[in-house]
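Encoded as structure tokens, the structure appears first; notes follow it.
No value in this document is a laboratory result; all are computed from the given coordinates. Quick caveat, the model's predicted, so the values are computed rather than measured. When we count neighbours, we look across all protein chains shown, and the Cβ atoms used for this are built from the backbone with ideal geometry, even at glycine.
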Amino acid sequence: MAPSPGETAEGPSPTFLELLRAEPLGELTVLDVGTGAGRLALALAPFCRAVVGIDRDARQIDEARKRAAAAGLANVRFVVGDVEVEEYAPFKPDMVVAHLCVSDAIAERAGRVLPPGRVFAFVAFHTDQWKETARPSRFAYGEVGAKRLLKRCGFAIERLEVEREVATFESVEQALAAAVALQDAWKADGRWVRYVKFLEEGGRTLTRAHLVAKARKA
């Protein structure tokens, strides 16, 4: 599972990594769902007993395996699979993590596989991500929705916060230049027209917003 068109697979935030490293990772097998090219899994592997990364994109998994081999990491493996369809029990995880790959189905599966006391932690797109385009990602969550989901899946929330960065521009040209890397994807999904309209009406911002969560199975 990859970010939807018009999103970016950014590196894990220091806050998120700090939350994960507060756990006894050396004793844990961590399942990284929607691992992509393995950026989070590879960052965690030196601290963990074992890490398993799973993603349905075989090309991304191949890249993750190459990166693990190049780094000499023997305690991480990558598997092709659909994280919204497969159950996680075969991987025997002690912790489930997800970075910009979050859905109700993922949270439900984490809730089923983790025993009491174990952690599900994630970074999701917040509903304010690219709010200037007036089109939230279908993978985005607000605080209320995330709280309801985690509670329904049997988790007690320990940390839930929004990391938000709002870029402000002096001109339309600067604003368009800042979004140029997203132009093709935004044109395909209708966001580009809406962003241009926002700028024509006097807007001069572009918002990045992620929801960081850590919850423990009750």
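So that you can scan it fast, the table gives a plain yes or no per residue for (1) touching a Phe, Trp or Tyr at 6+ places or on another chain (Cβ under 8 Å); (2) acidic (Asp, Glu); (3) free of Cβ contacts under 8 Å to residues at least 40 places away in the same chain:
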{"residue": "Val30", "(1), (2), (3)": "no, no, no"}
{"residue": "Arg39", "(1), (2), (3)": "no, no, no"}
{"residue": "Leu42", "(1), (2), (3)": "no, no, yes"}
{"residue": "Pro46", "(1), (2), (3)": "no, no, yes"}
{"residue": "Gly53", "(1), (2), (3)": "yes, no, yes"}
{"residue": "Ala64", "(1), (2), (3)": "yes, no, yes"}
{"residue": "Ala70", "(1), (2), (3)": "no, no, yes"}
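Select from the stretch 179-217 the residues that are more than 23 Å from the chain's Cα centre (by Cα) and of a type in the set (A, V, I, L, M) and write down the one among them that is surrounded by the fewest Cβ atoms within 10 Å (Cβ to Cβ).
Per the criteria, the residue is Val193.
Listed here are the residues, each with its yes/no results for (1) surrounded by fewer than 22 Cβ atoms within 10 Å (Cβ to Cβ); (2) within 15 Å of Ala121 (Cβ to Cβ).
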| position | (1), (2) |
| --- | --- |
| Gly26 | yes, no |
| Ala45 | no, no |
| Ile54 | no, no |
| Arg67 | yes, no |
| Leu100 | no, yes |
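Scan the stretch 129-181 for residues that are in contact with a helix residue (DSSP H, G or I) (Cβ under 8 Å, 6 or more places away or on another chain), under 30 Å from Glu201 (Cα atoms) and part of a helix (DSSP H, G or I) and report the count.
Final tally of qualifying residues: 5.
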